[in-house]
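Student: Okay, handing you the structure first.
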Amino acid sequence: MILIAIGSNLDSDLYGFPLENCVNVINFLRKYFFVIKVSKFYETEPIPKSNQPWYVNGVVEIKTNLKPKDIIKKLFFIESHFGRIRKLRNEPRVIDLDLLCYGNMIINKNNLIIPHPRLHKRKFVVKPICDINPSWIHPIIKKKARILLKALANQKIFYINSIYG
């Protein structure tokens, strides 16, 4: 299973509000990958907490023959198309695409870490993974997504009604 996180907390000139950015990026992802499933979308506060706008977050499951580093290149290209400029860590963004996992691979080299190192610590990632497959097992921690979710019960996320979910 290959999972990509989607997030946005800024309006874009191309697509509008953060939820619209997220929905439109799925259509863009379909140009490069076979999109298998799309989670529900959730509104979440920024981490670390700050006065920036809340995020819209979701996850998609894709299928591709591309290697992880080539997927990352496509994701950066798509982010650039949406107007994302990477300056500071944890800054507000028009779109954020993260490769969360690539099957059961464990990679930690050349600025490529899979699975995503903070995946299991963030309800805004684990809850959408549960929407797609609550039995997904984290390759390092060896726990199912639904078990990881229980450990994150104190983090707030709010379901957003959208065309996906």
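Student: Can you list the residues, at least 5 places off or on another chain, whose amide H is less than 5 Å from the amide H of LYS143, using H built in the peptide plane?
Tutor: HIS138
Student: Just to confirm my numbers, what's the Cα centroid distance between the stretch 132-158 and the stretch 79-127 in Å?
Tutor: Cα centres, the stretch 132-158 to the stretch 79-127: 17 Å.
Student: Separate question: Where only protein heavy atoms count, and the probe is 1.4 Å, what is the accessible area per residue for the stretch 14-132 in Å²? Please list the in-between numbers first.
Tutor: Working: 6360 Å² over 119 residues.
Accessible area per residue, the stretch 14-132: 53 Å².
Student: Something else: Would you mind checking LYS67/LYS144; LYS109/LYS150; LYS49/LYS156; LYS40/LYS156 for any pair whose Cα atoms are more than 20 angstrom apart?
Tutor: Checking Cα-Cα distances, LYS67/LYS144; LYS109/LYS150 exceed 20 Å.
Student: Taking H as built 1.01 Å from N, whose amide H comes closer than 5 Å to the amide H of LEU100, not counting residues under 5 places away?
Tutor: LEU3, ILE4, ALA5
Student: When the accessible area of the stretch 1-139 is split by element with a 1.4 Å probe, what percent falls to carbon and sulfur?
Tutor: Numbers: 3680 of 7060 Å².
Result for the stretch 1-139: 52 percent of the exposed heavy-atom area is carbon or sulfur.
Student: Then there's this: Return the long-range amide H neighbours of ILE36 (sequence gap of 5 or more, or a different chain), with a cut-off of under 5 Å between placed amide H atoms.
Tutor: Amide H neighbours of ILE36: GLU61, ILE62, LYS63.
Student: Moving on to the next point. Just name one of PRO18, HIS116, ILE157: the one whose Cα is farthest towards the positive end of the charge dipole of the chain (beta-carbon charges, Lys/Arg +1, Asp/Glu -1).
Tutor: The listed residue farthest towards the positive side: HIS116.
Student: Once phi is turned into θ = phi - 60°, what whole-Hz ³J(HN,Hα) does the Karplus curve with 6.51, -1.76 and 1.60 give for every residue of the stretch 65-79, x standing for Gly and Pro?
Tutor: 9, 5, 7, x, 5, 6, 5, 4, 4, 5, 5, 5, 4, 5, 4
Student: Which aspartates and glutamates have a Cα lying under 19 Å from the Cα of LYS31, excluding residues fewer than 8 positions away in the same chain?
Tutor: Within the straight-line cut-off, LYS31 pairs with GLU20, GLU61, ASP70, GLU79, ASP96, ASP98.
Student: Got the relative contact order for the chain handy, in percent, Cα pairs under 8 Å and 6 or more residues apart?
Tutor: Relative contact order of the chain: 30 percent.
The values are calculated or read from the model by the stated rules, or taken from the named source; none is laboratory data. Model, not experiment: these values are computed from the prediction. Every residue, glycine among them, receives a Cβ derived from its backbone with ideal geometry; neighbour counts consider all protein chains shown. Note: areas computed on protein heavy atoms with side chains; ligands, DNA, RNA excluded. Shrake-Rupley method; radii C 1.70, N 1.55, O 1.52, S 1.80 Å.
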